[in-house]
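The values are calculated or read from the model by the stated rules, or taken from the named source; none is laboratory data. In this text, all values refer to a predicted model and were calculated from it rather than measured experimentally. FYI the Cβ positions are ideal-geometry reconstructions off the backbone, even for glycines, and counts take in every protein chain you see.
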Amino acid sequence: MSKPDIGLPHRSPKPRTSGRTNLIDKGVGLGMVSDILESSGDYIDLVKLGWGTAMVDPVLDRRIALYKEHGIDVCFGGTLFELFQMKGMLEEYASWLGRLGIDWVEVSDGTIELDAAVKHAVISRLKDDFNVVSEVGSKDSSAIIAPAKWVAAIKSELDAGASYVILEGRESGTAGLYRPSGEIRMGLIEEILDAGIPAESLVFEAPTKTQQTYMIDLLGPEVNLGNIGFTEATALETLRLGLRSDTLMKFHGGDDRN
Amino acid sequence: MSKPDIGLPHRSPKPRTSGRTNLIDKGVGLGMVSDILESSGDYIDLVKLGWGTAMVDPVLDRRIALYKEHGIDVCFGGTLFELFQMKGMLEEYASWLGRLGIDWVEVSDGTIELDAAVKHAVISRLKDDFNVVSEVGSKDSSAIIAPAKWVAAIKSELDAGASYVILEGRESGTAGLYRPSGEIRMGLIEEILDAGIPAESLVFEAPTKTQQTYMIDLLGPEVNLGNIGFTEATALETLRLGLRSDTLMKFHGGDDRN
Amino acid sequence: MSKPDIGLPHRSPKPRTSGRTNLIDKGVGLGMVSDILESSGDYIDLVKLGWGTAMVDPVLDRRIALYKEHGIDVCFGGTLFELFQMKGMLEEYASWLGRLGIDWVEVSDGTIELDAAVKHAVISRLKDDFNVVSEVGSKDSSAIIAPAKWVAAIKSELDAGASYVILEGRESGTAGLYRPSGEIRMGLIEEILDAGIPAESLVFEAPTKTQQTYMIDLLGPEVNLGNIGFTEATALETLRLGLRSDTLMKFHGGDDRN
């Protein structure tokens with residue numbers, strides 16, 4: 001049955017390049033995957049198989065196939081890239097992704113040290129075969145990187161060929177963009193945007209509702225958000241559309257009764 | 001196989017008017033719904049489709065049908081009522097609920113401002129077609145409403161025709177009955193009960209175990225509790241029956257070995 | 001498709017006596033059980049049906065059968081033992097477990113007071129029919145038991161016939177081994193290990209990632225961990241193998257490129 005027309009904000013249809021919702025799959029059962037895709041599939045653009053879970057997944061091929069059948073991009077966690085990179089096995093990694101039919105790859109240095117020039121070379125190498133998403137920011141919650149360094153890293157990685165740059169938040173929302181308490185580093189986000197980097201090229205990791213609300217308040221319903229909990233895509237969609245208390249007045253509070 | 005008779009507190013069977021457990025469904029998959037209903041259905045009285053999730057649910061009709069088949073009441077979140085009310089579309093809302101076969105409606109003003117007289121008129125209008133649940137308390141965690149105002153609002157809304165009044169706690173347990181830290185406003189709860197309002201007319205939103213335990217300690221196993229997490233109905237039932245550490249001694253600590 | 005050989009730490013295959021992962025099932029649906037077992041079953045050794053959930057489970061027999069079919073041990077929560085013990089119904093409890101085909105039993109005194117001699121006698125009685133797991137530590141987060149008392153209790157319960165001793169952490173990780181904030185009582189853990197108790201005889205309750213990481217850092221991938229969240233077995237396995245940021249450098253940071 002069709003829903004009443006209440007006047008919702010515009011959302012791009014899938015496949016979309018803005019307003020993307022990227023989930024994190026920590027190794028849930030495939031029944032759960034099918035189940036979520038039926039009710040929330042339209043609100044999911046990419047699923048990241050968290051960190052190295054792919055390495056211990058006995059049903060990896062079927063998992064990837066399920067997502068692709070539903071028009072959802074699949075990507076492994078950046079930590080898995082870091083492990084292969086650290087072992088000098090980048091080509092083995094790329095070849096494995098290729099055999100699995102995966103089109104996206106995340107290049108990060110949240111845990112290992114990676115010289116900027118090496119990171120750029122890796123992005124440049126992988127962009128021939130994949131959509132590359134690079135990640136900026138440390139997973140170490142005590143590492144406070146200055147805004148100017150974030151800006152420089154983001155710009156140079158986009159120049160090297162990354163389709164998107166992810167701004168680190170971890171699964172817990174307690175590092176990178178966020179203080180260990182989960183509080184948002186608002187000044188950092190402002191400096192990144194003020195530097196002229198287009199928001200459409202960024203994916204903000206925002207696992208908590210407070211963090212999601214802040215980014216939607218700042219950048220609107222079409223902001224790209226990542227590390228969304230596996231069962232939270234529908235809840236996030238309601239935040240984007242002003243269908244939850246936190247954003248109701250923002251999107252519907254004007255005099256739109258006329 | 002039957003369970004040993006260990007002597008559990010009395011619980012009303014379904015359909016019941018006291019000791020109700022109201023879950024919140026944030027848009028889970030329908031496989032998960034069926035699955036939970038098989039193992040916990042006897043412990044679930046009403047499911048609220050959280051805030052405006054119903055507006056973006058591609059399987060809404062089947063979701064409602066599933067709950068009704070299992071003898072579980074369905075209600076939309078109060079925020080969705082507030083959106084339609086704010087847009088001057090109350091009758092469209094009521095008509096939509098009617099077409100969906102929904103018997104319950106929540107009337108709240110947790111986000112929008114609603115004059116008390118208007119709220120009472122809405123309750124009075126909707127009670128002809130629905131079981132009305134009205135909600136008292138703000139979703140704004142910094143809004144501390146005085147106990148006397150809670151009491152007056154609850155009494156007048158019951159007089160206007162509400163079947164139950166819900167005491168706000170949010171999905172997170174950090175507003176209304178609770179301080180932003182989740183701490184219980186015990187004095188507030190006492191004043192409400194001391195004012196002679198029957199606990200059977202109230203539904204206490206209590207998403208955390210600490211909050212559930214407090215209410216069961218205070219009012220016994222037959223207290224009505226709301227905003228229970230979707231997978232928590234069985235865990236709550238064990239709290240009600242003294243089958244968990246937190247309430248074990250309360251219900252089984254007396255000299256009942258004789 | 002086989003995974004690339006990246007050089008992972010050794011893990012014992014199932015059935016195993018070290019490196020065990022014990023989950024807690026709070027009464028999830030059976031569809032969810034089957035689903036998790038397909039993708040994570042190799043990483044699960046025992047499932048505890050939390051506290052007294054078994055008493056209100058309408059599908060208890062099928063639940064037990066599902067786990068056993070997948071080579072996973074089943075145990076009821078210690079709180080349920082305490083209830084039967086307190087009511088003087090130990091033999092009814094043992095007989096019920098026998099009829100259900102359950103091979104494991106937990107003996108605890110986290111909530112009730114149990115004289116040490118009585119606890120030893122119970123362990124001794126039950127070890128004839130079951131694998132006994134005894135638990136040390138209080139569920140009361142304000143009860144700080146001195147390390148020497150932990151050591152004495154653990155030693156005497158192993159002597160009485162317990163196969164493993166569980167060190168209490170609660171489902172929330174806020175009691176026993178942990179302060180109410182979740183912080184780890186590191187000195188306590190050190191004293192227990194320094195007393196010559198073999199780590200292979202212990203199961204550390206560690207529901208949070210921080211707690212799991214600490215124990216793996218201290219004792220390696222083959223530490224026995226309990227009270228793991230129902231959907232967290234795969235995530236824990238990646239921690240054990242250095243496939244997540246938190247343990248990546250520990251297991252892969254050496255010069256193992258040669």
* Residue match in the range C:123-140 (condition: farther than 18 Å from C:N22 by Cβ, at pLDDT below 95 and either out of contact with any Cys (no Cβ under 6 Å at 6 or more places or on another chain) or among the aromatic types (F, W, Y) (or both)) -> yes
* Asked: Got a number for residues in the range B:224-252 being closer than 30 Å to C:G88 by Cβ and either at the interface with chain C (Cβ under 8 Å from one of its Cβ atoms) or out of contact with any Pro (no Cβ under 6 Å at 6 or more places or on another chain) (or both)?
  -> 17
* Asked: On the given criteria, is A:S141 closer than 28 Å to C:T210 by Cβ, assigned to a loop (DSSP other than H, G, I, E, B) and not aromatic (F, W, Y)?
  -> yes
* Structure fact -> Residue pairs qualifying under the 7 Å Cβ cut-off, at least six apart or on distinct chains, with the first in the range C:215-234 being of a type in the set (S, T, Y) and the second being surrounded by 23 or more Cβ atoms within 10 Å (Cβ to Cβ), are C:T231/C:I36; C:T234/A:G27; C:T234/A:T53; C:T234/A:V56; C:T234/C:S39; C:T234/C:S40; C:T234/C:Y43
* Structure fact -> Of the residues in the range A:29-56, those that are facing chain C (nearest Cβ under 10 Å) and β-branched (V, I, T) come to A:V33, A:T53, A:V56
* Positions within the range B:214-245 being over 26 Å from B:I72 (Cβ atoms) and buried (at least 20 other Cβ atoms within 10 Å of the Cβ), in sequence order -> B:S245
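Quick one: which of A:L158, A:L177 is in contact (Cβ under 8 Å) with a residue 40 or more places away in the chain and surrounded by fewer than 20 Cβ atoms within 10 Å (Cβ to Cβ)? Spell out the reasoning first.
Values: A:L177 fails: surrounded by fewer than 20 Cβ atoms within 10 Å (Cβ to Cβ).
Exactly one of A:L158, A:L177 is in contact (Cβ under 8 Å) with a residue 40 or more places away in the chain and surrounded by fewer than 20 Cβ atoms within 10 Å (Cβ to Cβ), namely A:L158.
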* Residue ID - surrounded by the most Cβ atoms within 10 Å (Cβ to Cβ), chosen from residues in the range B:111-126 that are farther than 20 Å from A:S245 by Cα and touching a Ser or Thr at 6+ places or on another chain (Cβ under 8 Å) -> B:I123
* To do: Count, please, the residues in the range A:89-99 that happen to be at the interface with chain C (Cβ under 10 Å from one of its Cβ atoms) and surrounded by fewer than 16 Cβ atoms within 10 Å (Cβ to Cβ).
  => 3
* **Tabulated pairs, the range B:68-93, first under 17 Å from B:I44 (Cα atoms), second in a loop (DSSP other than H, G, I, E, B) and aliphatic (A, V, I, L, M), C-beta under 6 angstrom, 6+ apart or interchain** => B:I72/B:I44; B:V74/B:I102
* Within the range C:221-228, identify whether any single residue is more than 19 Å from C:D25 (Cβ to Cβ) and among the acidic types (D, E), and answer yes or no. => yes
* Quick one: would you say B:I145 is closer than 20 Å to B:A175 by Cα, away from chain A (no Cβ under 14 Å), surrounded by fewer than 19 Cβ atoms within 10 Å (Cβ to Cβ) and of a type in the set (V, I, T)? -> yes
* To do: Please identify the pairs in which a residue from the range B:1-22 that is away from chain C (no Cβ under 14 Å) and within 13 Å of C:A54 (Cα to Cα) has its Cβ atom under 8 Å from the Cβ atom of a residue that is part of a loop (DSSP other than H, G, I, E, B) and not aliphatic (A, V, I, L, M), counting only partners at least 6 apart or on another chain.
  => none
* Asked: Does any residue of the range C:61-72 turn out to be surrounded by fewer than 18 Cβ atoms within 10 Å (Cβ to Cβ) and in contact with a strand residue (DSSP E or B) (Cβ under 9 Å, 6 or more places away or on another chain)?
  -> yes
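So, B:S108, is that one hydroxyl-bearing (S, T, Y), within 23 Å of A:T208 (Cα to Cα) and surrounded by 14 or more Cβ atoms within 10 Å (Cβ to Cβ) or not?
No; evaluated as a whole, the condition is false for this residue.
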* Structure fact -> Within the range A:34-60, the residues that are surrounded by fewer than 23 Cβ atoms within 10 Å (Cβ to Cβ), in contact (Cβ under 8 Å) with a residue 12 or more places away in the chain and closer than 13 Å to B:G29 by Cβ are A:S34, A:L37, A:G41
* Does A:F204 satisfy the criteria of being farther than 27 Å from A:K26 by Cα, of a type in the set (F, W, Y), touching a residue at least 24 places away in the same chain (Cβ under 8 Å) and buried (at least 17 other Cβ atoms within 10 Å of the Cβ)? -> no
* To do: Run B:C75 past the list (1) in contact with a strand residue (DSSP E or B) (Cβ under 6 Å, 6 or more places away or on another chain); (2) within 14 Å of chain A (Cβ to nearest Cβ) and report the number of the one that doesn't hold.
  => (2)
